[in-house]
Amino acid sequence: MRGYVFRALMGFAEERFGPLAVERMLDQADLSRHGAYTAVGKYPIEELFVLVDALCAVTEASRKEVLVECGRRTIAYVIETQSRNGEASLGLEGLLASLDDLIYDNYMKLYPGSVVPSWTFQVNGDGWAELSYRSKRPFADLAEGLVLGSLDYLEISTEVVRRDLPPYDGHAADFRVKLPLA
């Protein structure tokens, strides 16, 4: 997993719970890096779960809350550092339609053979856009954060409805996003 997700976790933990909570999280996690993650590094996904669970244990935050917030913080970094096509200027539909390429295109160039989630996007005739998220890892909460963070980045307030899909273990979800009137 890319280091910017780890950095997003650290930023969320410090902002929401304070530096003491981050230190307690790192002590409880007892990992060799002790929080030393670079945004461009690649780290074992298991370490992210250890850190998330440690943060939950020391703060009583839920795993969902932590992962959603990580996704929210991650997308701004991705847009600002990985964007080739000016996704922010494309508006909401353009940004949501480009999530798959924006997040994973460069990643696959740097780390060929990696297993990455897939996103599909379509605009329905009912004023809603639908994003489908599928992954071999249980990160639908992180995906929800990416969708919400896209709205934050564009400063758009609208409705988002998440529907988890069988077997309801975080590997697949659909997100409906109400499109603002033009």
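Charged side chains reduced to their Cβ positions (Lys and Arg at +1, Asp and Glu at -1) give the range 1-94 a dipole of some 260 debye around its Cα centre.
Placing unit charges on the Cβ atoms only, positive for Lys and Arg and negative for Asp and Glu, gives the range 59-158 a dipole magnitude near 460 debye about its Cα centre.
Counting only heavy atoms of the protein chains, get the accessible area per residue of the chain (1.4 Å probe) and round it to a whole Å² value. Accessible area per residue, the chain: 49 Å². Label-to-label distance for Glu80 and Arg137 is 2.3 nm, based on points extended 7 Å past Cα in the beta-carbon direction.
Rolling a 1.4 angstrom probe over the chain with all protein chains present gives an accessible area of which 50% lies on carbon and sulfur atoms. Build a GNM of the chain with springs between Cα atoms under 10 Å apart, and of Tyr153, Tyr111, Tyr37 the one that fluctuates most is Tyr111. Each of the GluC sites (Glu not before Pro) that DSSP puts in a loop and that has at most 13 other Cβ atoms within 10 Å breaks the chain; the longest unbroken stretch is 61-154.
Helices of the chain meeting both criteria, an alpha-carbon length of 20 angstrom or more along the long axis and an average Kyte-Doolittle score not below 0.5, with helices taken as full DSSP H segments, are 45-59, 140-154. The residue list Leu146, Pro112, Leu102 was ranked by how far each Cα lies along the charge dipole of the range 101-170 toward its positive end, using unit charges on Cβ atoms, and Pro112 comes out on top. Take the convex hull of the alpha carbons in the range 45-182; its mean projected area over all directions comes to 9.0 nm². The stretch between Val123 and Asp174 holds 17.1 nm of extra length on full extension. This uses 0.36 nm per residue minus the Cα-Cα distance. Taking Asp53, Asp100, Asp30 in turn, the Gaussian network model of the chain (Cα-Cα springs below 10 Å) assigns the largest fluctuation to Asp30. Think of each Lys and Arg Cβ as +1 and each Asp and Glu Cβ as -1; about the Cα centre, that makes the dipole of the chain roughly 380 debye. Summary of the geometry: the range 49-64 and the range 91-128, compared by the centres of their Cα atoms, lie 28 Å apart. Within the range 108-182, the trypsin sites (Lys or Arg not before Pro) that combine a DSSP coil assignment with at most 15 other C-beta atoms in a 10 angstrom radius are Lys136. Name the shape class, rounded, prolate or oblate, that the alpha-carbon gyration tensor gives for the range 22-68, where a ≥ b ≥ c are the square roots of its eigenvalues, rounded holds for a/c under 1.5, and otherwise prolate holds if a/b is larger than b/c and oblate otherwise. Judged from the Cα gyration tensor, the range 22-68 comes out oblate (a/c at least 1.5, b/c at or above a/b).
When the chain is treated as a GNM with alpha-carbon contacts under 10 Å, the residue of Ser135, Ser114, Ser62 showing the greatest mean-square fluctuation is Ser114.
The values are calculated or read from the model by the stated rules, or taken from the named source; none is laboratory data. Not measured: the values here are computed from a predicted model. FYI the Cβ positions are ideal-geometry reconstructions off the backbone, even for glycines, and counts take in every protein chain you see. What goes into the accessible areas is simple: the full protein's heavy atoms, side chains included, and nothing from ligands, DNA or RNA. Shrake-Rupley method; radii C 1.70, N 1.55, O 1.52, S 1.80 Å.
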